[in-house]
Every structure is written in structure tokens, then in C-alpha cells.
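> Just dropping this structure here.
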Amino acid sequence: MISATLPDRRLRIVRDVEQIPEALWQALVVGRPALRLEVLGAISKAASRPLSLQFFLLEDKDGIAAAAICELFAASGVYSPLDALLFGGASRIARALGVSTKPLLLFKPPLAQQAPVILRSGDLAQQTLALASLLDGIEEHAARENLAIAFIGFTADDEFIGSALRARRYLDSEIGTIAQLEIQWTDFDSYVGWLRTRSRNAAKIARNERNRNRRNGVSIRQLRPGPADMQALYEITDEHYRYKSGRDLPFGPQFLPLLATALGDDLLIFEARRDGHRVGTLWVVRSGFVGWVAYVGIELRDRRNDFTYANLLFYHVADWAPALGLRTLLYGSAVQKAKQVRGCRLIACHLFYRPHGRLMRLLAAPYLVIHQARFRRKAAMAE
């Protein structure tokens, strides 16, 4: 743990989840499911690779005024997600040429693409001062340790923080979109009615895909899994994740039991069965009125064209989300067109980057201009 004194405030850098003041943190992150302490604690214990998490806590007499979560990627490490993001398939070539974003403080929740900086709600002037103090402390620490800084996950909804980073001359590039669904109905029928106001065809598709799923003998229900169920749910989710992304889940099978024990009723697990056989699962973490659609798993060996994926993620959600008091669902960055058709809002997600080394400073600015143009061209082609 490292601490630094700032005017009327103290910045602490905590490297152990268990050292975070639980009540203060939980109050700060209401509505941010991926930042719940239970989620961070479970991933710190079950991660499939060593995590160097760091929590920057700006504290005052009233508790935590601002906070940021990041992971340290040392120069000696073989992996940097920012290298993969910026260079893609050319990452190995860049590494061979000595071009890397490491050593790096990467501000991003470990399991989601959500804003990694949190400000205590309240007066705008106080938030402005708290954010400035937090960023000053982060930058001073990075300068002492010769580290680059990157923030991933800010959207237009976080423009207050984005504007502050631009004013500090961070490089800025759109890197993708996240999907968000605002619940404006009470059940599936009213969801279809809401869809019809946007697109008559989308409403027709929803009704047809729901009916086809049921005619194929698929039923979906909320599950309170026992140990054997949890292992099976992990396996189907891991297999689906590997199929989609080409890599294993970022955590081992103990993650789900840890999460279930810690979250209780705020971990919502659903399963789809066809003729008594499990063919899909969905994990949702709840915080206040917000649900984070964390992971989905679909059976690959007996995958039929019965729209189980769409029913798990959208149509069944239309029934249970309002009943469970959820107003917003946060999805990830995959299959965005399908999410948009089913009512999600796609929100551009930004990278803010401050290189440290001289070479990266020279290369990063023009490269990010190219990266931005390439992203926008790709997004336009997908529309």
C-alpha cells in the first residue's frame, strides 16, 4: 500500500482487494456491477493468470471521493492487452521491433469494458476537484515509476471525465462499442410492442424467434445451482467463450462458486434446456437497478437453429428484468448488430492513452489517427 498527501485529501494505492474499505467502496460503485467488491475479490482469487491489480483511492473526511482501478503490465511481461488492441495480429512484429505500450498502468475493470474511474455523486465543483486530484496522483505515480497510462471504457456518458483527459493531452481514439438496453416495458408482449415503435420487422422477428424456440422444446428458467451444476455451467460457458474468442475464460471453475457465495441473490443465473438437456446459460450480476450481462454459454455439439441465444439474451430477459427491478442491462462488445436490432443502444467506447517512452510518444499520435479512421471505416461498413 502506498499513500500520498494531497490538499484536504489523501491518495492511497491499494494492491489487495481485501484492504479496500468495503462499505465505502460498495456505496461508491452502486450501479456498476463489474466493479462490485465481490466480483473483484472473486477474480483476484480465480484468475487464470496472475493479476497485478491496483486501486487508487482518493479519500477525504467523508470517505472515498474518487477511485480508479487498473492493472500493472510490467516491461518484463510477455502480454499487454493494449498492444493486442492497437497492433492486433502485428503485435508479435511490434514486440520484435521493440515497440510496446509496456510498462503500463491500464485502467480498466478486469472483466468488463466499463468506466474504470468512479466519482462520488454530488456537487459538480467538488467532483471536478476530486477528479483533478485523482489524476494528478495517478500521473505523479506513473512518472516516478516510468509507466505509460491508458484508460479504456469511457463513453459519451462519461464525457465529464473524457473532457478532463483530453485537456491533459491524452491521446483519444474510439476502439469499439458497448451495448446497453434500457428496460421500458413490463413483460415480453409489451417489449414486442416497444420494438414495433422502432421497427415492425424487429417486432415480428422477436415474436417468431420466441415461438420457434418454444416449439423446439426449449425452456428457460432461473437456477440456483449446486456444485455439480456450477461445474457444468462453467464448462459450457468456457467452451462457448473459447469458440468465440479463441482463448479460455479469464478465470477458472472456482470463480462461479466464489461469486455465487459472495453475491447471493444479486448473481442471476439462467439456464436453457431442450428435452431435459442443458443447452445454454446466462450469468448476470446485479447492482441497484443495473444488471451486467457478464457471460453466456451455448451448447456447441447439439446446436440447432432454434434461437436459444436470442431467447436467453433478449426475449427471456424481457420477462424477468422488469420483475426483478432492473432498468438497465449492460452487454459487451460482440455481435452488436444483433443487439441493436433487439433494442440495444450502441455506445462508442474510447481509449485515452499517455505514452511514456520517447519512441512511443513519437509513434502513438499518428498511429492512433490511423487506428481511429480504420475503426470508423469498419463501423460504417457494418451498418
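> Given the condition under 30 Å from residue 99 (Cα atoms) and either in contact (Cβ under 8 Å) with a residue 12 or more places away in the chain or surrounded by fewer than 18 Cβ atoms within 10 Å (Cβ to Cβ) (or both), answer yes or no: does some residue in segment 338-348 qualify?
Of all residues in segment 338-348, those under 30 Å from residue 99 (Cα atoms) come to 348.
From the residues that got through so far, the ones that are either in contact (Cβ under 8 Å) with a residue 12 or more places away in the chain or surrounded by fewer than 18 Cβ atoms within 10 Å (Cβ to Cβ) (or both) too are 348.
Yes, some residue in segment 338-348 is under 30 Å from residue 99 (Cα atoms) and either in contact (Cβ under 8 Å) with a residue 12 or more places away in the chain or surrounded by fewer than 18 Cβ atoms within 10 Å (Cβ to Cβ) (or both).
> Scan (1) in contact with a Gly (Cβ under 6 Å, 6 or more places away or on another chain); (2) buried (at least 22 other Cβ atoms within 10 Å of the Cβ); (3) not polar (S, T, N, Q) for the single condition residue 290 breaks and write down its number.
So the condition that residue 290 fails would be (2).
> Now a separate question. So in segment 178-194, with the set limited to residues that are out of contact with any Phe, Trp or Tyr (no Cβ under 9 Å at 6 or more places or on another chain) and of a type outside the set (Asp, Glu), which one is nearest to residue 307 (Cα to Cα)?
Narrowing segment 178-194 to residues out of contact with any Phe, Trp or Tyr (no Cβ under 9 Å at 6 or more places or on another chain): 182, 186-187, 189-190.
If we keep only those that are of a type outside the set (Asp, Glu) too, we end up with 186, 190.
On the way: 186: 22, 190: 20 Å.
So, considering only residues that are out of contact with any Phe, Trp or Tyr (no Cβ under 9 Å at 6 or more places or on another chain) and of a type outside the set (Asp, Glu), the one nearest to residue 307 (Cα to Cα) is 190.
> Still on this structure, please answer the following. Considering only segment 238-270, state which residues are in a helix (DSSP H, G or I), in contact with a Leu (Cβ under 7 Å, 6 or more places away or on another chain) and closer than 15 Å to residue 309 by Cα.
Step one: filter segment 238-270 for residues in a helix (DSSP H, G or I), giving 238-245, 255-266.
Going one step further and asking which of them are in contact with a Leu (Cβ under 7 Å, 6 or more places away or on another chain), we end up with 238-241, 243, 256, 259-260.
Listed by number, the residues that qualify are 239, 240, 241, 243.
> Run residue 297 past the list (1) in contact with a His (Cβ under 6 Å, 6 or more places away or on another chain); (2) at positive phi and report the number of the one that doesn't hold.
Here residue 297 meets the rest and fails (2).
> How do the helices (runs of 4 or more DSSP H) wholly within segment 88-204 filter down when requiring 2 or more residues that are touching a residue at least 24 places away in the same chain (Cβ under 8 Å) and in the same structural domain as residue 358 (by TED's automatic domain parsing): which remain? Before you say what the answer is, go through the steps one by one.
On the way: elements: 91-96, 124-145, 159-167, 188-198.
The helices (runs of 4 or more DSSP H) meeting that bar are 124-145, 159-167.
> When you go through 167, 143, 148 one by one, which is the residue that is within 30 Å of residue 82 (Cα to Cα) and surrounded by 18 or more Cβ atoms within 10 Å (Cβ to Cβ)?
Values: 167 fails: surrounded by 18 or more Cβ atoms within 10 Å (Cβ to Cβ); 143 fails: surrounded by 18 or more Cβ atoms within 10 Å (Cβ to Cβ).
Just one listed residue meets the conditions, 148.
> When residue 293 is evaluated against the numbered criteria (1) within 17 Å of the chain's Cα centre (by Cα); (2) more than 20 Å from residue 111 (Cβ to Cβ), which criterion, by number, is the only one it fails?
(2)
> Among the residues of segment 14-73 satisfying the criterion of being under 16 Å from residue 116 (Cα atoms) and of a type in the set (S, T, N, Q), which is surrounded by the fewest Cβ atoms within 10 Å (Cβ to Cβ)?
Among residues in segment 14-73 that are under 16 Å from residue 116 (Cα atoms) and of a type in the set (S, T, N, Q), the one surrounded by the fewest Cβ atoms within 10 Å (Cβ to Cβ) is 52.
> Here are some residues: 317, 284. Which one is of a type outside the set (Phe, Trp, Tyr), surrounded by 21 or more Cβ atoms within 10 Å (Cβ to Cβ) and at pLDDT 95 or above?
Working: 317 fails: at pLDDT 95 or above.
Going through 317, 284 in turn, just one is of a type outside the set (Phe, Trp, Tyr), surrounded by 21 or more Cβ atoms within 10 Å (Cβ to Cβ) and at pLDDT 95 or above: 284.
> Select from segment 95-141 the residues that are of a type in the set (Lys, Arg) and within 21 Å of residue 351 (Cα to Cα) and write down the one among them that is modelled with the highest pLDDT.
This residue is 108.
> Read through the list (1) part of a helix (DSSP H, G or I); (2) farther than 20 Å from residue 222 by Cβ; (3) in contact with a helix residue (DSSP H, G or I) (Cβ under 6 Å, 6 or more places away or on another chain), then give the number of the only condition that residue 319 fails.
(2)
> Moving on. Out of the residues in segment 177-223 meeting the condition of being in contact with a strand residue (DSSP E or B) (Cβ under 7 Å, 6 or more places away or on another chain) and more than 30 Å from residue 157 (Cβ to Cβ), tell me which one is surrounded by the fewest Cβ atoms within 10 Å (Cβ to Cβ).
221
> Let me ask something additional. Which one of these is closer than 21 Å to residue 191 by Cβ and part of a strand (DSSP E or B): 278, 286, 273?
Numbers: 278 fails: closer than 21 Å to residue 191 by Cβ; 273 fails: closer than 21 Å to residue 191 by Cβ.
None of the other options fit; the residue is 286.
> For segment 29-72, how many residues are acidic (Asp, Glu), over 20 Å from residue 288 (Cα atoms) and outside any strand (DSSP E or B)? Working first, answer last.
Of all residues in segment 29-72, those acidic (Asp, Glu) come to 38, 59-60, 62, 71.
Still in the running and over 20 Å from residue 288 (Cα atoms): 59-60, 62, 71.
Pick out the ones that are also outside any strand (DSSP E or B) and you get 62.
Qualifying residue count for the region: 1.
> Could you check residue 184 against (1) more than 19 Å from residue 296 (Cβ to Cβ); (2) over 26 Å from the mean Cα position of the chain (by Cα) and say which number it fails?
(2)
The values are calculated or read from the model by the stated rules, or taken from the named source; none is laboratory data. Predicted model, so just to flag it, every value in this text is computed and none were measured. All Cβ positions, glycine included, derive from the backbone under ideal geometry; neighbour counts span all protein chains shown.
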